[in-house]
Amino acid sequence: MEGGALRGIFTAGVIDVFLENGIEFDGAVGVSAGAAFGCNFKSKQIGRAVRYNIANCKNPKYCSFRSLLFTGDMFGAKFCYETIPYETDIFDWKAYTENPMEFYAVATDIESGKPIYHRCDTLDKEEMHWIRASASMPLASRIVEIDGQKLLDGGISDSVPLKFFEEQGYNRNVVILTQPLGYVKNPTSLFKLIKIKYRKYPKLIEALAERHNEYNKTTAYIQEQEEKGNILVIRPPMALPVGRIEHDPERIKETYEIGRKTGLEYIEKVKKFLNKNEVEK
């Protein structure tokens, strides 16, 4: 599950439709918003991601430049990873832990510039930091430290970790993207700021300088594997109506509905694709 901040609401719509139609997987891996919203698939909480985003999209504690100024995080860490899952829209840890599906979150080690793939087995308070790290966008988030590792957004180093899952032995993968077919990532316009802010981390700067090239190589590989029939790709039919940050609840809802509609169109394709794997075994 690709990231893209609020574009990830498209993914939320797709996976909610999967849950409603009894589609399950042996494993899942999410990057950034793909991890933050995708974990609700393992806890089987249909509608949770879109619900709390609509409820909080205008709350400055959830996402705002004010939050960035006063806390160092555009998406307020305490509000997003403590208040929401423990108080206002409670995360079902019991269901998450009891679901045998493996769930991985991807973060970037800023000292090496390399991805780290962490299997989240319980998603308790400590493990929730991996979701936060995975979704901590450069320039808009504080560095997250876990066990001596300094981490930021997984999308910096591996935006769509298909090859990682193939290496884990998953040979029939469904890939959910948040950009339409033909999308090409361009170099960031904020590179001067990145070089200043992260001057102590040259490997991170290198990774961010090459991010667009690596992303485009990854999407080319995905399309190649898709054409060979090795993977099934679900992507939005057009550029989504939300930005990375979105305060309009109607646009969030519209994006979610696009995800649901697209997901419904793929239900039978996904079932056939997964059943083919069973036959081959």
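A few points about this structure:
- Residue within region 179-202 that is open to solvent by less than 40 Å² (accessible area, probe 1.4 Å), over 20 Å from PRO138 (Cβ atoms), free of Cβ contacts under 8 Å to residues at least 40 places away in the same chain and not in a helix (DSSP H, G or I) present: no
- Candidates ASN59, ASN99, filtered to the one that is under 24 Å from LEU274 (Cα atoms), over 15 Å from the mean Cα position of the chain (by Cα) and not hydroxyl-bearing (Ser, Thr, Tyr): ASN99
- Some residue of region 163-170 being open to solvent by less than 20 Å² (accessible area, probe 1.4 Å) and more than 20 Å from HIS212 (Cα to Cα): yes
- Number of residues in region 69-111 that are assigned to a helix (DSSP H, G or I) and among the charged types (D, E, K, R) equals 5.
- Annotation note: Cβ proximity below 6 Å between a residue of region 121-136 that is within 13 Å of VAL106 (Cβ to Cβ) and a residue that is part of a loop (DSSP other than H, G, I, E, B) (sequence gap 6+ or interchain) occurs for TRP130/CYS120; SER134/SER32; ALA135/SER32.
- Residues (acidic (Asp, Glu) and either closer than 24 Å to PHE25 by Cα or open to solvent by less than 30 Å² (accessible area, probe 1.4 Å) (or both)) located in region 68-102: ASP73, ASP89, ASP92, GLU98, GLU102
- Of all residues in region 263-274 being surrounded by 19 or more Cβ atoms within 10 Å (Cβ to Cβ) and not aliphatic (A, V, I, L, M), the one that is nearest to ALA239 (Cα to Cα): GLY263
- Failed condition for ARG66, given (1) in contact with a strand residue (DSSP E or B) (Cβ under 7 Å, 6 or more places away or on another chain); (2) farther than 16 Å from PRO236 by Cα: (1)
- Within region 241-253, the presence of at least one residue that is open to solvent by 60 Å² or more (accessible area, probe 1.4 Å), basic (Lys, Arg), farther than 30 Å from LYS150 by Cα and under 20 Å from the mean Cα position of the chain (by Cα) is confirmed.
- Residue ID - nearest to VAL242 (Cα to Cα), chosen from residues in region 51-67 that are buried (at least 17 other Cβ atoms within 10 Å of the Cβ) and among the small types (Gly, Ala, Ser): SER64
The values are calculated or read from the model by the stated rules, or taken from the named source; none is laboratory data. Quick caveat: nothing in here was measured; it's all calculated off a predicted structure. Glycine also receives a Cβ, built like all others from the backbone with ideal geometry; neighbour counts cover every protein chain displayed. To get the accessible areas, we keep the full protein, side chains included, count just its heavy atoms, and leave off ligands, DNA and RNA. Shrake-Rupley method; radii C 1.70, N 1.55, O 1.52, S 1.80 Å.
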